[in-house]
1. Taking region 1-38 only, how many residues are without any contact (Cβ under 8 Å) to a residue 40 or more places away in the chain and either closer than 17 Å to residue 74 by Cβ or hydrophobic (A, V, I, L, M, F, W, C) (or both)?
2. State whether the residues of region 164-186 include one that is over 17 Å from residue 100 (Cα atoms) and outside any loop (DSSP other than H, G, I, E, B).
3. Check whether at least one residue in region 8-19 is of a type in the set (Gly, Ala, Ser), crowded, with 20+ Cβ neighbours inside 10 Å, in contact with a Pro (Cβ under 8 Å, 6 or more places away or on another chain) and under 21 Å from residue 205 (Cα atoms), and report yes or no.
4. If you go through region 86-119 one residue at a time, how many are over 20 Å from residue 175 (Cα atoms) and part of a loop (DSSP other than H, G, I, E, B)?
5. So, in region 170-203, exactly how many residues are over 13 Å from the mean Cα position of the chain (by Cα), of a type outside the set (Val, Ile, Thr) and more than 11 Å from residue 135 (Cβ to Cβ)?
6. Do you know which residues across region 6-58 are in contact with a strand residue (DSSP E or B) (Cβ under 7 Å, 6 or more places away or on another chain), in a helix (DSSP H, G or I) and over 19 Å from residue 238 (Cα atoms)?
7. Applying the selection to region 142-159, what residues are surrounded by fewer than 23 Cβ atoms within 10 Å (Cβ to Cβ) and of a type in the set (Val, Ile, Thr)?
Amino acid sequence: MVIGKVEKYIKEQIRKDGAILLALIDPDKQPFETGAKVAEIACEAGADVILVGGSIGAQGLILDKTTKMIRERVNIPIVLFPGNVGTITPFADATYFMYLLNSRDVYWISTVQIQGATIVKRMGIEPIPTAYIVLEPGRAVGWISNVNLIPRNRPDLAAATALAGEYMGAHFVVTDSGSGAPTPAPAQLISAVKSQLTVPYFYGGGCRTPEQAKAIIRAGADGIQIGTAFEIESPEKAKEKISAIVKAIKEAGKEKKKTIFKKPSLPSLPTIHMPTFKFPRIWGRKESAKKAPQPQK
């Protein structure tokens with residue numbers, strides 16, 4: 001598929017700064033004027049992308065109106081972070097076209113994508129193929145999506161799942177501990193995931209402070225999705241908080257650009273001794289031309 005403008009922009013921002021901030025607005029928690037104001041503050045503070053979406057309630061009129069109001073206030077891409085097939089609006093620039101890899105329910109792996117594909121095309125929204133992986137504790141998204149949560153102490157499982165996502169065609173990989181998670185995932189898990197990927201990797205869940213943001217980027221993430229931490233008491237405090245997190249992300253991103261990312265060693269698979277078989281390989285082999293038989297006179 002053709003890579004769209006928003007995906008190109010995101011990759012260019014990562015190339016330029018080393019890491020990005022994706023500020024998440026949940027219309028169910030921050031509807032209309034509130035959501036638009038937070039998005040505007042995030043944009044002014046240096047966020048690279050505004051994400052819009054949520055696990056429940058972020059659809060219909062509330063989604064359309066909130067996204068339209070955000071559109072009127074920001075000059076950065078608005079990307080949908082869909083919680084279901086209803087979380088689509090023509091007022092966004094693009095959407096994560098997500099498949100939730102570790103759901104137990106086929107609906108979240110392929111059925112909802114089939115339902116939404118023609119809607120996305122008719123609305124002219126840019127689809128970005130995205131592998132979505134939910135980690136412990138999972139919170140609302142884990143419960144809603146019937147997820148087989150990846151344990152925080154199993155970076156090898158997280159890395160293998162992320163690699164499968166890339167091999168299945170994802171242009172982005174997102175791991176999420178769930179909105180309101182008490183802490184981010186361990187650095188070892190984030191490093192393990194990044195070590196297996198050649199596509200951008202974003203982490204979400206539990207990041208509330210500049211120190212945590214810096215640690216996540218240093219561990220290997222190309223971007224951080226933050227929502228709960230920006231559900232604000234006042235615009236002044238929000239701008240101060242977002243600016244501090246943006247600064248931490250960009251500083252860590254610049255550090256990452258200066259160093260070669262070292263892949264952590266993952267547990268090796270046990271050696272299995274199997275009998276070997278030789279099969280003739282025809283594809284790609286040059287066969288000598290055979291002289292065609294001459295007709296008999």
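The values are calculated or read from the model by the stated rules, or taken from the named source; none is laboratory data. This one's a predicted model, so the numbers in the text were calculated from it and none came from an experiment. A quick note on method: Cβ atoms are made from the backbone with ideal geometry, for glycine too, and the neighbour counts reach across all protein chains shown.
1. Just the residues of region 1-38 that are without any contact (Cβ under 8 Å) to a residue 40 or more places away in the chain, to begin with: 2, 8, 12-13, 15-16, 28, 31-36.
Now drop any that are not either closer than 17 Å to residue 74 by Cβ or hydrophobic (A, V, I, L, M, F, W, C) (or both), which leaves 2, 13, 31-36.
Here the count works out to 8.
2. So in region 164-186, the residues over 17 Å from residue 100 (Cα atoms) come out as 180-186.
This time we only want the ones that are outside any loop (DSSP other than H, G, I, E, B), so: none.
Among the residues of region 164-186, not one is over 17 Å from residue 100 (Cα atoms) and outside any loop (DSSP other than H, G, I, E, B), which makes the answer no.
3. So far as region 8-19 goes, no, none of its residues is of a type in the set (Gly, Ala, Ser), crowded, with 20+ Cβ neighbours inside 10 Å, in contact with a Pro (Cβ under 8 Å, 6 or more places away or on another chain) and under 21 Å from residue 205 (Cα atoms).
4. Residues of region 86-119 over 20 Å from residue 175 (Cα atoms): 86, 88-93, 111, 114-119.
From the residues that got through so far, the ones that are part of a loop (DSSP other than H, G, I, E, B) too are 86, 88-93.
So the count comes out to 7.
5. Of the residues in region 170-203, 9 are over 13 Å from the mean Cα position of the chain (by Cα), of a type outside the set (Val, Ile, Thr) and more than 11 Å from residue 135 (Cβ to Cβ).
6. Result: 6, 7, 10, 13, 14.
7. Of everything in region 142-159, just one residue is surrounded by fewer than 23 Cβ atoms within 10 Å (Cβ to Cβ) and of a type in the set (Val, Ile, Thr), namely 144.
Quick grid of which residues meet (1) of a type in the set (Val, Ile, Thr); (2) at pLDDT below 95; (3) within 20 Å of residue 244 (Cβ to Cβ):
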| site | (1), (2), (3) |
| --- | --- |
| 179 | no, yes, no |
| 196 | no, no, no |
| 218 | no, no, yes |
| 228 | yes, yes, yes |
